Amino acid sequence: MLGLAGLPLGLQFTFLDPAADACAAAVGRHLEAAYTDPDALQELARTCERVTYEFENVPVQAAAELAHSVPVYPPPRALEVAQDRLREKQFFRSLGIPTAEFAAVDSRQDLEAAVAHVGLPAVLKTRRMGYDGKGQWVLRAPDDLEEAWEALTGNSPLAAPCVDAASGALLAEALVPFRRELSVLAARDTSGEVVCYPVVENHHEGGLLRLSLAPVPGLDPGLEELAHTYVRRALEALQYVGVLCLELFEVDGQLLANEMAPRVHNSGHWTLEGACTSQFANHVRAVAGLPLGSPQPRGWCAMVNLIGFRPDPAAVLRIPGTSFHWYGKAVRPGRKVGHVTVCADRPEQVAERLEQLRRHGVPLPERAEAGLFGR
């Protein structure tokens with residue numbers, strides 16, 4: 001999608017992706033190699049004027065090595081912060097951005113003290129990796145601690161261990177009784193100009209994002225302004241270039257930062273049809289040194305992820321205001337293989353069209369089936 005956004009601007013792309021069937025190969029040259037492959041990195045540095053990434057688990061050392069030869073945006077430091085949940089939380093706190101209570105867990109003994117600090121219920125997480133909800137365990141009672149420890153450090157068949165978990169590098173975090181999950185995306189260019197997209201409401205199931213609503217229904221204007229203030233602080237502190245996503249919890253009329261993603265983000269896919277300038281176009285513009293476009297919404301929009309299945313595109317496209325995006329990936333359970341955007345002039349129309357999608361077999365979160373956008 002970054003490549004598709006850049007082609008009309010006359011840009012050409014080389015994609016480094018270890019997958020033999022990389023879907024980005026359809027819009028550019030594909031280097032099939034590991035992210036740390038020295039020859040592939042040298043080829044990128046030789047042939048590209050700018051380098052960016054769209055996956056927060058790209059090895060920092062690869063980005064840092066490239067940065068010696070070619071501008072890399074977002075800066076490698078953003079990867080360093082985002083890849084370690086403890087460092088990320090400390091970064092937020094240093095900027096005056098509130099978070100849930102947290103504590104580092106470096107040993108089994110630390111786990112007891114950490115839970116005593118943050119209280120129960122809590123979430124035990126690997127500090128690194130754990131994409132799409134993996135590497136997390138909810139602690140509701142003291143008896144849960146041993147099972148969680150065994151699972152996340154790789155000593156139990158109950159949960160697949162995450163990279164780096166065996167070292168004991170975990171994080172305990174208070175389980176937040178949030179009203180809803182939100183995210184805010186913003187883009188910053190090489191001159192320091194920033195544009196912020198409307199705050200989005202997100203619905204997850206099984207650790208996977210299922211549905212995003214934009215703009216978020218019924219959000220206090222003061223909270224939207226606060227979300228924009230927080231994401232601007234992060235952008236400035238990192239001297240960031242590109243699109244950054246800040247994930248937030250709305251709790252008792254306040255916002256708590258959860259995580260950040262130093263890249264274009266799934267919760268911003270609605271911008272392809274729903275905003276004057278998509279997140280992909282603004283990321284490419286920022287990286288290429290071009291002026292940023294307007295982030296204003298064109299109306300009301302919902303984005304529905306297609307996870308592990310492919311609906312009939314014709315049936316989807318018969319619904320007014322819908323757009324179908326297929327990623328060219330093999331279908332398998334739990335894999336995001338496409339998305340549908342639903343746009344309308346009024347929120348009630350979006351809710352009606354979501355209901356039509358559901359009737360065509362596209363699963364929606366339970367709350368969506370009951371009605372959203374004020375229905």
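A few notes on this one:
- Pairing each residue of the range 9-21 that is part of a strand (DSSP E or B) with any residue that is charged (D, E, K, R), provided the two are 6+ apart or on different chains, yields C-beta distances under 6 Å for T14/R29.
- Filter result (of a type in the set (D, E, K, R), farther than 13 Å from L213 by Cβ and touching a Phe, Trp or Tyr at 6+ places or on another chain (Cβ under 7 Å)) within the range 170-187: E173
- Unique residue being exposed (fewer than 15 other Cβ atoms within 10 Å of the Cβ), outside any loop (DSSP other than H, G, I, E, B) and either touching a strand residue (DSSP E or B) at 6+ places or on another chain (Cβ under 6 Å) or in contact (Cβ under 8 Å) with a residue 24 or more places away in the chain (or both) when the list is A5, A26, A45: A26
- Taken as a whole, the range 231-241 holds no residue that is in a loop (DSSP other than H, G, I, E, B) and either outside the structural domain of V340 (by TED's automatic domain parsing) or at pLDDT below 95 (or both).
- The range 304-330 residues that are in a loop (DSSP other than H, G, I, E, B), paired with ones that are of a type in the set (G, A, S) and surrounded by fewer than 17 Cβ atoms within 10 Å (Cβ to Cβ) (beta carbon under 7 Å, 6 or more apart): G308/G334; P311/G361; G328/A26
- Filtering S278, S267 for residues that are among the hydroxyl-bearing types (S, T, Y), under 30 Å from G361 (Cα atoms) and touching a Gly at 6+ places or on another chain (Cβ under 9 Å) leaves a single hit, S278.
- Taken together, Y53, Y35 contain a single residue that is touching a residue at least 12 places away in the same chain (Cβ under 8 Å), out of contact with any Asp or Glu (no Cβ under 9 Å at 6 or more places or on another chain) and of a type in the set (S, T, Y), which is Y53.
- Hits in the range 293-322 (condition: surrounded by fewer than 18 Cβ atoms within 10 Å (Cβ to Cβ) and of a type in the set (G, A, S)): G293, S294, G299, G308, A314, A315
- Considering the range 200-226, the residues that are within 16 Å of the chain's Cα centre (by Cα) and among the hydrophobic types (A, V, I, L, M, F, W, C) include one that is farthest from C343 (Cα to Cα), namely L208.
- Condition check for G338: within 30 Å of A82 (Cα to Cα) and either part of a loop (DSSP other than H, G, I, E, B) or in contact with a helix residue (DSSP H, G or I) (Cβ under 8 Å, 6 or more places away or on another chain) (or both): no
- Qualifying residue in the range 124-145 (condition: surrounded by fewer than 15 Cβ atoms within 10 Å (Cβ to Cβ), over 29 Å from R263 (Cβ atoms) and either at pLDDT below 90 or hydrophobic (A, V, I, L, M, F, W, C) (or both)): yes
- Applying the criterion of being among the hydroxyl-bearing types (S, T, Y) and within 27 Å of the chain's Cα centre (by Cα) to the residues of the range 76-118, the residue that is surrounded by the fewest Cβ atoms within 10 Å (Cβ to Cβ) is S94.
The values are calculated or read from the model by the stated rules, or taken from the named source; none is laboratory data. The structure presented is a predicted model; accordingly, all values stated were derived computationally and were not measured. Reconstructed Cβ throughout: ideal geometry from the backbone, glycine too, with neighbour counts over all protein chains shown.
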